[in-house]
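Below is one structure, written out as structure tokens; the observations come after it.
Just so you know, all these numbers are worked out from the coordinates, no wet-lab data involved. Source: prediction; values computed, not measured. Using ideal geometry, Cβ is built from the backbone for each residue, glycine included, and neighbour counts are taken over all protein chains shown.
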Amino acid sequence: MELVAGCYEQVLLGFATRPGQSWTVVPDFTHHAHSASLSAVAVNNRYVVTGSRDETIQIYDMKKRIEHGALLQHNGTITCLEFYGTAHLLSGAEDGLICIWNTKRWECLKSIKAHKGHVTSLSIHPSGKLALSVGTDKTLRTWNLVEGRSAFIKNLKQNAHIIKWSPDGEKYVTVITNKVDIYSLDTASITGTITTEKRISSLRFITDSILAIAGDDEMIRFYSCDSQKCLCEFKAHENRIKDIFSFEREGQYVIVTASSDGYIKMWNLDLDKIKDGPSLLCEVNTKARLTCLAVWLDRASEMKENSDKTATSCQETEDEKSSIARIDKDFWTTKRVKIARRKRKIIPGKQKLEAPVQKKKKKQNNSA
């Protein structure tokens with residue numbers, strides 16, 4: 001298991017984590033990934049991808065421990081990245097585009113002009129048939145990934161900066177400043193609203209009905225989607241929290257948090273004792289100004305990521321499975337996709353991930 005975090009210092013940080021009775025986390029690598037601060041990070045079972053203000057997406061092969069290359073399709077800061085399973089990646093940026101990538105050959109299958117302003121957030125439905133996006137044009141847009149076209153546009157009163165599907169795909173949430181609106185998929189209408197005192201910086205579904213919310217303070221709060229009541233709140237850091245990640249391991253819910261105080265912390269959450277709050281498993285001081293966070297799980301069969309990023313997060317019916325199969329046949333391989341492939345820009349790279357900076361300094365001191 002590897003904690004990967006981006007920061008203002010243009011570096012991708014990696015920390016090896018070993019579960020057990022006493023969890024440990026140690027620096028594993030540092031990589032000067034970009035020429036500007038990192039703005040987004042995403043993982044699947046093999047790759048870590050990072051987006052930056054330098055307008056590029058960098059790819060890292062975690063199994064081979066090498067830099068795999070760069071994607072240069074966007075103009076503007078990369079604002080959001082999300083994998084769908086092992087085969088596809090969606091990226092959004094300030095240029096208003098959403099790009100769909102094949103992760104086998106790293107080809108841009110389609111580039112969609114999604115918003116008149118910036119794309120601020122996107123989320124893929126667990127079935128892979130739909131995606132949602134929000135932007136600075138005050139719209140929420142639904143995308144039909146089977147046909148590769150816009151399905152629905154909803155006007156919002158303000159710009160939303162976060163959107164997420166629930167793991168079961170039956171609801172989704174939007175975040176506007178300090179307000180979370182909960183929508184039902186069936187009716188596409190708001191079923192509840194959660195309001196916090198501070199601006200919300202990160203949000204994560206722990207289960208289908210429990211949300212973890214962090215904002216511009218030191219607190220993490222767990223809310224019920226059904227009652228919109230706060231189930232628990234606790235002080236997690238000494239400064240505002242930048243990102244939250246969560247996954248399930250052998251029935252254990254693990255919450256990972258990154259803060260402006262430079263710390264990454266891992267927490268164990270017992271849902272039966274959620275009112276007591278989570279217990280701290282381990283922490284590490286990165287000594288960096290963190291911006292984004294993800295966890296690369298190298299044993300996918302043993303550790304199931306609790307998020308809306310993979311098809312395995314919900315029980316598919318046979319009809320849904322056939323619909324997913326049609327994505328490859330009806331959309332990813334059409335003529336317009338082949339045209340889009342010619343427009344792709346990929347810079348290959350095979351640079352190995354570097355050892356941590358701390359280790360380098362020690363060697364220099366010893367040689368001196």
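General remarks:
- The string of couplings for the range 88-97 from the Karplus curve (6.51, -1.76, 1.60, θ = phi - 60°) is 9, 10, 10, 10, x, 8, 5, 7, x, 8 Hz, one whole number per residue in order, with x for Gly and Pro.
- Calculated FRET efficiency for the pair Ser35/Arg149, C-beta based, R₀ 30 Å, to 0.05: 0.30
- Among residues other than Leu185 with Cβ under 11 Å from its Cβ, the summed charge is -2 (Lys and Arg +1, Asp and Glu -1).
- Counting 0.36 nm for each residue step from Asp272 to Ala87 and taking away their Cα separation leaves a gain of 63.0 nm.
- For the range 214-284, the list of trypsin sites (Lys or Arg not before Pro) that fall in a loop by DSSP and count at most 16 other C-beta atoms within 10 angstrom reads Lys229.
- Using Cβ point charges alone (K and R +1, D and E -1), the dipole size of the range 1-152 about the Cα centre works out to roughly 480 debye.
- Spin-label model distance (nm) - Thr24 vs Ser279, 7 Å beyond Cα toward Cβ: 2.0
- The modelled label-to-label distance between Asn239 and Ile66, using points 7 Å beyond Cα along the C-beta direction, is 3.7 nm.
- Other residues with beta-carbon under 13 Å from the beta-carbon of Lys275 carry, at +1 per Lys or Arg and -1 per Asp or Glu, a net charge of -1.
- Amide proton proximity set for Arg249, modelled H, under 5 Å, gap of 5+: Val254
- Other residues lying with their Cβ under 10 Å from the Cβ of Thr136 contribute a combined charge of 0, Lys and Arg counting +1, Asp and Glu -1.
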